[in-house]
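Down below is the structure, laid out as structure tokens.
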Amino acid sequence: MSDRTRTRTAAETTSRTEADPMSTSSTTSSTGTPDPGGRGRDTSGTARHLALSQPRLPSWAGWLVAAVAVAAAAIICLSLGWSIAGGVVLAVVIFAVALPAWSAAVENGRAAKDRLVTTLVWSAFGLAMVPLVSLLFTVVKNGAGVIDGQFLSYSMRNVIGPGGGIYHAIIGTVLVTLAAAVISVPVGVLTAIYLVEYGVRNRTARMITFLVDVMTGIPSIVAGLFAYAVFVLFFGEGVRMGFGGSVALSLLMIPIVVRSCEEMLKLVPGDLREAAYALGVPKWRTIVKVVLPTALPGIITGITLSIARVIGETAPLLVIAGSTDSVNTDLFANRMMTLPVFIYYSFTQPGVPAEYGQQRAWGAALVLIVIVMALNLVARGLGRLFSPKSAS
Amino acid sequence: MAKSIDVSDLDIYYGDFLAVEGVSMTIPARSVTALIGPSGCGKSTFLRSLNRMHEVIPGARVEGKIVIDGQDLYGDDIDPVEVRRQVGMVFQRPNPFPTMSIYDNVLAGSRLNSKKLGKHRSDEIVEKSLRGANLWTEVKDRLSKPGQGLSGGQQQRLCIARAIAVEPQVLLMDEPCSALDPISTSAIEDLIHVLKSDYTIVIVTHNMQQAARVSEDTAFFNLAAAGKPGNLVEMNPTRKIFANPDEKATEAYISGRFG
């Protein structure tokens, strides 16, 4: 019997809100209040009925409140002359107040809290997306027009004004980052193996963990100065070479590789190690043939993300790799251009007229973002490729 | 190819904590010995000390003697890796290697040690071990599929096949059926009956009926009190333990009046 009443009240709510959306809250409060009372009377009367069903807002309630909130915010903004950003914030606030209030009136406190928190979480997500989308949009808008065959295959040698390209910077970035990875990956992975497999509960391991944490926080310019100082010892004042940049980048990369590999190795179940030991497999073979393959997808992802992290570093490369207009494929001699440094110089010293240099900077920024994105996709692909296949 | 094990005055420690105290027993060859007792009394710890798996845990150590074939397992010149090749182990939870196929899992003992085996010899070992573990007919058509795609009972039998593929002298089983349903349990118990003609088997179990069904001898472990080390209360032929035990505590445990 109570079920039937509730359906009827819900239907009434529906028809009334459809007829007159602006009077939503007053309608629901009038139909919402008698309902809990009715339920209470019902349970005390029969004393057997279980109140498992609850009054629910219709599924389109969220959309309706959103529409009302947007409309209300638009009216207020137009009348007060606010900007669009202010209007969006106002609409979100109205939505975050109205929907939980309506829900509290019709449904119950728990549902209202659920709707409130859902709204907050989605707002936070939206807020976090704003800079990302805006950044991508700006870079694509300004950079997409610049990129063509010439831009990707020419260096900036003897270019004044229009023309030229970033071939030399792409080559430099790829070589420097690759060399940095060649240095950091073995060091990082082996350190992680020591920490997880050999250094459990020992003083050295605790010290290494602490130092790795400290390394994570090294400012990148300091890493660049360190590399410069080291190379000055061997090659004298004013040394510039791509490999120096690799050394500086590897300083930033190693702690990331260590941290991510450590977490991945820790995830390998101890059962598997014991299973291998029990078959008479020595510890090092167990690590190489059981632990590492099992953790491989995670390790690859970690390495790729660390590469993506350092490929955009500017400061250390400014200090040690320097800047040039020509292609240089020798890591160990002379200045080497890299994409971040190219962007920096094209923007701060665009030449005369300034527009060509600035356009090239946007184009290079877009290329850099595409490279990082491609690396992330490759990491995901590799991770999936190497992940243990479970059921057939 | 089975050996008996002589244990004398064995104390097992985790760091400073004495977990098992003063165990002396002889485990006969080509028979099944069951270890029973309440949780935390050191059965599994004792079992793991029989193939030096105990010391994998940091800070764990052992005092006393375990002699197999005239050699003390904890002697100075003993290589624990070699010990584990001779004393195989099956764990409570089935743990096939997730990166390997069924075929490779069976061969894991040789593959992981980079032993070169011809194709023909490998096939032979895989078939023999899987037949030995009573799994051959179920998986012979999908040997290249991942081991983790099997059911729990099949995975456990795969682990047994993996353990017997390296042809050990002794097979240790740490509650091999506790994660399995009655049908898989019965399959594994049948398997134990077959295996005991070739191997010395030591099995830890919480299931009294299982101990009575599969074992020739039973050892009862107990704790004097919480926080005290576990100790061996009584070891006797299974029939005697379940019908007419020497110790009161054993009778109390078996009849369910305790723990």
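So which of B:111, B:85 is in contact with a Leu (Cβ under 9 Å, 6 or more places away or on another chain), within 23 Å of residue B:175 (Cα to Cα) and among the charged types (D, E, K, R)?
One residue alone meets the criteria, B:85.
When you look at residue B:25, is it crowded, with 20+ Cβ neighbours inside 10 Å and in contact with a strand residue (DSSP E or B) (Cβ under 9 Å, 6 or more places away or on another chain), yes or no?
No, not satisfied.
Scan segment B:47-81 residue by residue and report those that are more than 24 Å from residue B:176 (Cα to Cα) and not in a loop (DSSP other than H, G, I, E, B).
Selection gives B:61, B:62, B:63, B:64, B:65, B:67, B:71, B:72.
Here are the criteria: (1) under 26 Å from residue B:50 (Cα atoms); (2) surrounded by 17 or more Cβ atoms within 10 Å (Cβ to Cβ); (3) at the interface with chain A (Cβ under 10 Å from one of its Cβ atoms); (4) without any contact (Cβ under 8 Å) to a residue 60 or more places away in the chain. Tell me which single one residue B:101 does not satisfy.
Only one criterion is unmet by residue B:101, namely (1).
Residues that are over 16 Å from residue A:197 (Cα atoms): find the helices (runs of 4 or more DSSP H) completely inside segment A:211-329 holding 2 or more of those.
Filter on segment A:211-329 gives A:220-235, A:242-267, A:292-310, A:315-320.
If you go through segment B:133-162, how many residues are basic (Lys, Arg) and over 24 Å from residue B:53 (Cα atoms)?
The total comes to 3.
What about residue A:201, is it touching a Ser or Thr at 6+ places or on another chain (Cβ under 6 Å), among the basic types (Lys, Arg), surrounded by fewer than 19 Cβ atoms within 10 Å (Cβ to Cβ) and not in a helix (DSSP H, G or I)?
No, not satisfied.
Here's a check for you: in segment B:143-156, which residue that is within 11 Å of chain A (Cβ to nearest Cβ) and more than 10 Å from residue B:103 (Cβ to Cβ) is surrounded by the most Cβ atoms within 10 Å (Cβ to Cβ)?
Restricting to residues being within 11 Å of chain A (Cβ to nearest Cβ) and more than 10 Å from residue B:103 (Cβ to Cβ), the top hit is B:150.
Restricting attention to helices (runs of 4 or more DSSP H) lying wholly within segment A:77-195, give those where 2 or more residues are closer than 29 Å to residue A:310 by Cα.
Answer list for segment A:77-195: A:109-143, A:149-153, A:167-193.
What do you reckon, is residue B:58 within 14 Å of chain A (Cβ to nearest Cβ), modelled with pLDDT under 90 and surrounded by fewer than 16 Cβ atoms within 10 Å (Cβ to Cβ)?
Taking the combined requirement at face value, the residue satisfies it.
Return the pairs, sorted by first residue and then second, in which the second residue is of a type in the set (Lys, Arg) and surrounded by 16 or more Cβ atoms within 10 Å (Cβ to Cβ), the first residue lies in segment B:117-142 and is more than 14 Å from chain A (Cβ to nearest Cβ), the beta carbons are less than 7 Å apart, and the residues are 6+ apart or on different chains.
Between residues of segment B:117-142 that are more than 14 Å from chain A (Cβ to nearest Cβ) and residues that are of a type in the set (Lys, Arg) and surrounded by 16 or more Cβ atoms within 10 Å (Cβ to Cβ), the close pairs are B:133/B:157; B:134/B:157; B:135/B:157.
So is residue B:165 of a type in the set (Gly, Ala, Ser), closer than 20 Å to residue B:53 by Cβ and at the interface with chain A (Cβ under 10 Å from one of its Cβ atoms) or not?
yes
Small (Gly, Ala, Ser), more than 7 Å from chain B (Cβ to nearest Cβ) and over 26 Å from residue B:165 (Cα atoms): which single residue out of A:270, A:298 fits that description?
Residue meeting the stated conditions: A:298.
Which is closer than 28 Å to residue B:254 by Cβ and within 11 Å of another protein chain (Cβ to nearest Cβ), of B:48, B:30, B:52, B:84?
Matching residue, one of B:48, B:30, B:52, B:84: B:48.
Which residues, taken from segment B:205-218, are part of a strand (DSSP E or B) and crowded, with 24+ Cβ neighbours inside 10 Å?
B:218
Taking segment B:233-245, which residues are of a type outside the set (S, T, N, Q) and either within 17 Å of residue B:28 (Cα to Cα) or exposed (fewer than 13 other Cβ atoms within 10 Å of the Cβ) (or both)?
B:234, B:235, B:237, B:239, B:240, B:241, B:243
The values are calculated or read from the model by the stated rules, or taken from the named source; none is laboratory data. What you see is a predicted model, and the numbers here were worked out from it, not measured in a lab. Note that we place each Cβ from the backbone using ideal geometry, even for glycine, and neighbour counts take in every protein chain shown.
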